[in-house]
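The values are calculated or read from the model by the stated rules, or taken from the named source; none is laboratory data. Here the structure is a predicted model, which is why all the values come from computation and not from measurement. FYI the Cβ positions are ideal-geometry reconstructions off the backbone, even for glycines, and counts take in every protein chain you see. Only protein heavy atoms, including side chains, enter the accessible area calculation; ligands, DNA and RNA are left aside. Shrake-Rupley method; radii C 1.70, N 1.55, O 1.52, S 1.80 Å.
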Amino acid sequence: MAASVNSFRRLKYNLSRLSVNVPGWRTDRKIVVIESDDWGSIRMPNIKTRDEFEKKGYKLSGNPYCRFDTLANSEDLNKLFNTLLKFKDGKGNHPIITANTVVANPDFETIKNSNYLNYNFKSFTNTLEEYYPNEDIFKIWEQGLASRIFIPQYHGREHVNVLVWLKELQLMNEVFVEAFKYGFWGVPRELYNKRIPNIQAAYNSNKADDIVFFKKSITNGLQLFEDIFK
């Protein structure tokens, strides 16, 4: 019986996805789309943080995001852009990366000062300055835009389920509190109770009050995206 229910749910999900995609734009042209998620969002601050967090007994080595994913620095971006500029299509166009961009990250200091009761965020451009104060990373972003090889697309205000995260911090959930001390939240799913929604899934709730918060987040985020990228 359980298998039949799960099969029906999968079929229902697949049909819902199909209903979204069928009316979409179509073409016979052969197109390669390079779309990359989570630009601007914090995942793991640096190798030192990762190693110290593991020394506390939290296994991260099996999670590729915690092992490798951090904000791109000037060397990362220059290597990426130089590679893209080496190639052209038949019309002389360089490859373009659609950079799905998260425009803000939590303001850890103000959240901590409120005893995890109030949420505040800061623009991802501020986060870039904090991570790499001597590199002017956003200027390199702008160079990618000007060269038409790096095109940001709105991906959300922040990549954390704010309401779930604050609740777990208020409950002094150890793994989230420890991660907070190091300036991140994206701990692997296996390190916290399965009853807790995925901390990375920013809009994972159907509660009426939560949806009000999500709508405000989307409005704020879109305005911030427009302010940053004009």
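Quick grid of which residues meet (1) on the phi > 0 side of the Ramachandran plot; (2) touching a Gly at 6+ places or on another chain (Cβ under 8 Å); (3) without any contact (Cβ under 8 Å) to a residue 40 or more places away in the chain:
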site: ILE34; (1), (2), (3): no, no, no
site: ASP38; (1), (2), (3): yes, no, no
site: LYS55; (1), (2), (3): no, no, yes
site: LEU60; (1), (2), (3): no, no, no
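So, restricting to helices (runs of 4 or more DSSP H) that lie completely within the stretch 1-107, which ones have at least 2 residues that are touching a strand residue (DSSP E or B) at 6+ places or on another chain (Cβ under 8 Å) and either modelled with pLDDT of 90 or more or open to solvent by 70 Å² or more (accessible area, probe 1.4 Å) (or both)? Don't jump to the end; show me each part of the working.
Numbers: elements: 2-21, 47-55, 64-68, 74-85.
Per the criteria, 74-85.
Specify the residue that is surrounded by the fewest Cβ atoms within 10 Å (Cβ to Cβ); the eligible residues are those in the stretch 186-230 that are of a type in the set (Val, Ile, Thr), assigned to a helix (DSSP H, G or I) and over 18 Å from the mean Cα position of the chain (by Cα). Talk me through it step by step, then tell me what you get.
Kept after step one, since they are of a type in the set (Val, Ile, Thr), are these residues of the stretch 186-230: 187, 196, 199, 211-212, 218-219, 228.
Among the residues that remain, those that are also assigned to a helix (DSSP H, G or I) are: 211-212, 218-219, 228.
Those still in the list that are over 18 Å from the mean Cα position of the chain (by Cα) too: 211-212.
Working: ILE211: 12, VAL212: 10.
Among them, the one singled out is VAL212.
Looking at the stretch 40-53, which of its residues are in contact (Cβ under 8 Å) with a residue 60 or more places away in the chain and either of a type in the set (Asp, Glu) or touching a Lys or Arg at 6+ places or on another chain (Cβ under 8 Å) (or both)?
Passing the criteria: MET44, GLU52.
Note down all Cβ pairs under 7 Å where the first residue falls in the stretch 187-205 and is within 20 Å of GLY221 (Cβ to Cβ), the second is at pLDDT below 95 and part of a helix (DSSP H, G or I), and they're at least six residues apart or on different chains.
Within 7 Å, the pairs are ASN198/ARG189.
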